[in-house]
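The values are calculated or read from the model by the stated rules, or taken from the named source; none is laboratory data. Bear in mind the structure is a predicted one, so any value in this text is a computation, not a measurement. Here the Cβ is made from the backbone with ideal geometry for all residues, glycine too, and neighbour counts use every protein chain on show.
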Amino acid sequence: MNRKPESHQQHEAQEERAVVEGDVTGNLQELINAMPEGWSRAQVDGHSWGVTRTTRADGKVITFNAERLGGTEALGANVWITSNGAVLRPCEIPAETVWRFLRAAADQAYPPPAAGTSSAPDSNR
C-alpha cells in the first residue's frame, strides 16, 4: 500500500486551508500583483523588508521572497496560477505567515528609487 507520510498529509491539508483562506480573507493573486516585479522595499510592522517577485512560465508561476533588512528573518513562497485560481505554496514556513506578510506588505511595497531621486514612495500611492 502506498500511503503518504503523516507530515506530508498534514502539509497538503495546510495548503488546502491556505487556498480556502485566500477565498475568505483576500484574493491571493491581487496581493501578489500588488508587489512589483523584481526587487522592492516594504514596511511591515515597523521593519524594512527587501521583497523579490519573479514571474516565470508565461505568468503561471510567481516566486516571492522577502528578507528583513538588517535582520535575520526571511520567508518565501511560490504562487501557481491555475485554472481554479492562485494556489499558495509556502517554502518551509506556515502559509499563515506568508498571508500575514502579503496583507501587510501589499500596500507598502515600492521599487527602489532611480538614481538621483527620493527613496520615499510616491505620495499618490
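Observations on the model:
- Some residue of region 39-48 being under 11 Å from the mean Cα position of the chain (by Cα), assigned to a strand (DSSP E or B) and modelled with pLDDT under 95: no
Quick grid of which residues meet (1) under 15 Å from L31 (Cα atoms); (2) aromatic (F, W, Y); (3) modelled with pLDDT under 95:
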| position | (1), (2), (3) |
| --- | --- |
| T63 | yes, no, no |
| E67 | no, no, no |
| A77 | yes, no, no |
| S83 | no, no, yes |
| V87 | yes, no, yes |
| V98 | yes, no, yes |
| F101 | yes, yes, yes |
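- Check on R53, under 11 Å from the mean Cα position of the chain (by Cα), charged (D, E, K, R), in a strand (DSSP E or B) and surrounded by fewer than 18 Cβ atoms within 10 Å (Cβ to Cβ): no
- For the residues T117, T72, the requirement of being at pLDDT below 90, β-branched (V, I, T) and farther than 16 Å from N27 by Cα singles out T117.
- Residues that are under 15 Å from N33 (Cα atoms) and either in a strand (DSSP E or B) or in contact with a strand residue (DSSP E or B) (Cβ under 7 Å, 6 or more places away or on another chain) (or both), drawn from region 83-102: G85, A86, V87, L88, V98, F101
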